[in-house]
1. Considering only DSSP beta bridges with both partners in the chain, what is the antiparallel share in %, to the nearest 5?
2. For each pair in Lys177/Lys230; Lys91/Lys143; Lys138/Lys230; Lys143/Lys197; Lys138/Lys197, compute the distance between the two Cα atoms and list the pairs where it is over 31 Å.
3. Sum up the charges of everything whose Cβ sits under 14 Å from the Cβ of His247, counting Lys and Arg as +1 and Asp and Glu as -1, but leave His247 out.
4. Quick one: what do you get for region 131-210 if you divide its Cα Rg by 2.2 N^0.38 Å?
5. Give the angle, between 0 and 90 degrees and rounded to the nearest 10, that separates the Cα long axis of helix 254-267 from the longest principal axis of the Cα atoms of the chain.
6. Given Cβ point charges of +1 (Lys, Arg) and -1 (Asp, Glu) and nothing else, what value in debye, to the nearest 20, does the dipole of the chain about its Cα centre take?
7. For the chain, what is the convex hull volume of the alpha-carbon atoms per residue, in Å³?
8. So between Ser188 and Asp109, what do we pick up on full extension, going 0.36 nm a residue minus the alpha carbon distance?
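Where a number appears in this text, it was derived from the coordinates with a stated rule and is not lab data. Being a predicted model, the structure only gives us computed values, none of them experimental. Heads up, the Cβs are rebuilt from the backbone with ideal geometry, glycines too, and the neighbour counts pull from every protein chain shown.
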Amino acid sequence: MMSKRPTPDSALTLRFWGVRGSTPVSGPDYVEFGGSTPCLEIRCGERLFLIDAGSGLYNCGQFHRETLPKSVDLLFSHLHLDHTGGLPFFKPAVFDPERTVHTYCGNLDGASAEEALGRLFAPPLFPVTLDVLPCTLKHHGFKAGETLTFPDGMQVDTILLNHPQGSVGYRFQHGGKRLCVISDIEHSDPWPDPALKAFVAGADLMVYDGMFTDCEYPTCRGWGHSTWQKGVELARAANVKALGIIHLHPCHSDARLRSVEAEMQAEMPAAFIARERQVVEVGAPVRKVRSKGLALAAIA
């Protein structure tokens, strides 16, 4: 069982609730790495941020049933279906009339997610509209590249990423540690992009979109995703200490991903493929993942 013990005020931690891209998957081939679509939990001490509302958001809500704050900040990388479909199922938060869920969207030139989500979660695509949920939803728009400043003084840096309709990368700094989340992205040519290199420079951990391998990428060029090889190149160029790969291809089985991870770690030992429910303390000593992907200790 995953620990719910309090997080030290100086700790910067990350929990993966969904690491799959495009569509959820299930079955015996997806036990270790998991099949839920993107959702990340970031803690700056006890201060909570969530990135993306893929199907992994459901398990996040279930795990934190009694401990979610009354105000939740949900940062979207973008609004494609695999990053939004879990929002109405974020129980118990969305069923609590005393709860406020703040959404932040930065890839729509300053517009919030309200209109797009209103079109998605409405008949005939969805049986009800979001306004029937007991919680309060407050939508905030910004332009990627701006620094988000929250009412409690917390700040999160952002950057626009190369993806169809755009995507937003996020940088968290807390307790002397730096975490960068870079998904969804398609690498440029030449690579790495200078602005992105500067954004992730010196990070203790970079989470990166590695949906494809170099061999798979040419047939999927223009789809908005990258490779673990390009993640390693960027990490090396920017002096990033550790690399975590997410947005895993739905066709990649546990056996395939273990093989890819071994190949990647031969190039960069402090690199790993993220497992659903895995917990990382940013900046802690490196530990290789050896079990079936539940609450595992830090990689840095």
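1. Around 50 percent of the beta bridges assigned by DSSP in the chain are antiparallel ones.
2. Details: Lys177/Lys230 23 Å; Lys91/Lys143 29 Å; Lys138/Lys230 36 Å; Lys143/Lys197 20 Å; Lys138/Lys197 33 Å.
From Lys177/Lys230; Lys91/Lys143; Lys138/Lys230; Lys143/Lys197; Lys138/Lys197, over 31 Å: Lys138/Lys230; Lys138/Lys197.
3. On the way: positive: Arg20, Lys230, Arg275; negative: Asp52, Asp82, Asp184, Glu186, Asp209, Glu216, Glu276.
Net of charged neighbours comes to -4.
4. In units of the globular-protein estimate, region 131-210 measures up at 1.27.
5. Around 60 degrees separate the two axes.
6. Once rounded to the nearest 20, the dipole reads 820 debye.
7. 127
8. Residue separation times 0.36 nm, minus the Cα-Cα distance, leaves 26.3 nm.
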